[in-house]
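Before anything else, here's the structure in question.
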Amino acid sequence: MQHIIDRFISYVTVDTESDPNSDTTPSTAKQWDLANQLVEELKAIGMEEVTIDANAYIMATLPSNVEHEVPTIGFISHFDTTPDFTGANIKPQIVENYDGKDIILNKEQNIVLSPGYFKDLLQYKGQTLITTDGTTLLGADDKAGITEIVTAMEYLINNPEIKHGKIRVGFTPDEEIGRGAHKFDVEKFGADWAYTMDGSQIGELEYENFNAAGAKLTFSGKSVHPGYAKGKMINSMLLANKFISKLPKHETPQETKGYEGFFHVTGINGSIEETKVELIIRDHDRKKFEKRKKAVEKIADKINKKFAKQFGGPIVSCEIKDSYYNMREKVEPVIHIVEVAEKAMKELGIKPIIKPIRGGTDGCQLSYMGLPCPNIFAGGHNFHGKYEYVPVESMQKAVDVIVKIAELTAEKK
């Protein structure tokens with residue numbers, strides 16, 4: 001397991017935070033640091049056709065070692081980390097033989113990873129955990145996935161007696177800002193289907209996800225001296241607050257689970273003259289998803305009508321853009337690709353946890369681009385924050401699942 005630990009740490013200590021406000025690909029120049037490192041590592045372990053394009057998309061091939069015809073399968077992960085929490089100067093901590101008690105992440109700042117709050121910790125008692133030092137995220141999303149794919153490919157190369165068909169691997173930038181698959185060349189990748197190694201706890205196997213959209217609203221106002229503002233001032237910040245108050249208060253991330261959708265305000269910035277509000281809209285059901293988008297527009301329309309005369313025109317603009325859709329529609333017609341992964345887990349003694357993703361992966365967009373792409377666990381927990389951790393044993397099991405899927409796909413029918 002030390003080999004996995006060393007490889008994972010070599011990835012997470014490289015800052016690859018993406019930037020939603022950038023229009024380049026990758027969105028941050030520092031993502032190239034790990035991208036170039038991965039290219040050299042793929043070559044070093046013996047992968048073939050290793051390429052990196054002008055947008056930092058990496059692809060490589062492990063040729064088939066069987067003579068009969070076998071589908072080409074792929075494994076995909078992303079190397080950027082979320083801008084929600086800093087990914088700079090990550091200092092991973094190794095907790096061996098976890099005893100089931102509180103883990104002190106940062107004594108000076110009194111930051112504690114506790115099973116009293118994060119109950120999933122208890123299922124990893126006796127295992128080796130990698131945590132943060134309490135000041136950054138860890139980056140297991142999705143550098144655990146990259147670690148597992150590279151390690152599995154290295155294992156197959158070093159153990160040629162294990163039969164497999166042609167395997168393609170792909171590593172992408174900017175997944176965390178919803179653009180990971182935007183410039184992915186599905187035709188060049190050339191796989192019949194693929195799996196993203198981007199799930200959380202051991203056993204997760206997902207082929208349903210949210211339909212997703214982002215909304216940006218700009219509220220205008222009129223600034224007047226507060227001493228003489230009666231009937232004249234329009235405070236755009238209060239308009240923004242009025243809009244937010246009209247959203248269903250129980251349909252937020254903290255109030256929902258399973259297949260329940262939500263509205264989530266992710267940012268607000270303003271002054272009297274102008275306030276910008278950003279929110280995301282999520283729902284597994286396509287009809288409910290469309291209804292949610294219309295609800296946002298309807299609230300904005302009502303505010304416009306109320307202030308049209310006083311302001312002299314529309315006082316709020318609303319822009320809604322779809323991000324990705326539920327992959328279930330594209331995966332169900334080829335459900336055997338899910339069944340292969342499920343069988344692989346069962347043969348390895350892993351209980352499959354088949355449930356909808358309350359989020360999205362590159363696989364969502366790739367499935368609509370012609371590459372059906374379910375999602376498999378990478379092992380981490382508490383992504384996007386200082387309490388993130390990953391059990392090393394879960395990463396090893398993910399490696400085993402990749403190898404087993406390759407074996408099962410290569411079996412003669």
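The values are calculated or read from the model by the stated rules, or taken from the named source; none is laboratory data. Because the structure is a prediction, the values reported are computed rather than measured. Neighbour counts are summed over all protein chains in view; Cβ atoms, including those assigned to glycine, are modelled from backbone coordinates with ideal geometry. In case anyone asks, the SASA skips ligands and DNA or RNA and just uses the protein heavy atoms, side chains included. Shrake-Rupley method; radii C 1.70, N 1.55, O 1.52, S 1.80 Å.
Conditions (1) surrounded by fewer than 17 Cβ atoms within 10 Å (Cβ to Cβ); (2) within 20 Å of LYS166 (Cβ to Cβ), marked per residue:
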| site | (1), (2) |
| --- | --- |
| LEU34 | no, no |
| LEU42 | no, yes |
| THR51 | yes, yes |
| MET59 | no, yes |
| VAL66 | yes, yes |
| GLU69 | yes, yes |
| GLY74 | no, yes |
| THR81 | no, no |
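Take the residues in segment 1-28 that are of a type in the set (Gly, Ala, Ser) and buried (at least 18 other Cβ atoms within 10 Å of the Cβ); name whichever of them is farthest from THR81 (Cα to Cα).
SER27
Looking only at segment 242-270, filter to residues that are over 28 Å from CYS364 (Cα atoms) and either aromatic (Phe, Trp, Tyr) or touching a residue at least 40 places away in the same chain (Cβ under 8 Å) (or both); which one of those is least open to solvent (accessible area, probe 1.4 Å)?
Across segment 242-270, the extreme among qualifying residues is PHE243.
ARG282 passes all but one of (1) open to solvent by less than 80 Å² (accessible area, probe 1.4 Å); (2) of a type in the set (Lys, Arg); (3) more than 25 Å from the chain's Cα centre (by Cα); which number fails?
Checking ARG282 against (1) open to solvent by less than 80 Å² (accessible area, probe 1.4 Å); (2) of a type in the set (Lys, Arg); (3) more than 25 Å from the chain's Cα centre (by Cα), the one that fails is (3).
Can ALA341 be described as touching a Pro at 6+ places or on another chain (Cβ under 7 Å) and not basic (Lys, Arg)?
So ALA341 fits the description; yes.
Right, next: Scan segment 177-197 for residues that are at pLDDT 95 or above and outside any loop (DSSP other than H, G, I, E, B) and report the count.
The number of residues fulfilling the criteria is 9.
Of the residues that sit in segment 314-333 and are within 23 Å of the chain's Cα centre (by Cα) and over 22 Å from LYS216 (Cβ atoms), which one is most open to solvent (accessible area, probe 1.4 Å)?
GLU329
Still on this model: Open to solvent by 10 Å² or more (accessible area, probe 1.4 Å), in a helix (DSSP H, G or I) and of a type in the set (Ser, Thr, Tyr): is that true of THR147 in this structure?
Against the criterion (open to solvent by 10 Å² or more (accessible area, probe 1.4 Å), in a helix (DSSP H, G or I) and of a type in the set (Ser, Thr, Tyr)), THR147 does not qualify.
All but one of (1) touching a Phe, Trp or Tyr at 6+ places or on another chain (Cβ under 8 Å); (2) part of a strand (DSSP E or B) hold for GLU278, so report the exception by its number.
Result: GLU278 passes all but (1).
Select from segment 343-396 the residues that are under 22 Å from PHE118 (Cα atoms) and basic (Lys, Arg) and write down the one among them that is most open to solvent (accessible area, probe 1.4 Å).
LYS351
Related question: Please indicate, with yes or no, whether at least one residue in segment 377-390 is over 20 Å from the mean Cα position of the chain (by Cα), modelled with pLDDT under 95, part of a loop (DSSP other than H, G, I, E, B) and not small (Gly, Ala, Ser).
Among the residues of segment 377-390, not one is over 20 Å from the mean Cα position of the chain (by Cα), modelled with pLDDT under 95, part of a loop (DSSP other than H, G, I, E, B) and not small (Gly, Ala, Ser), which makes the answer no.
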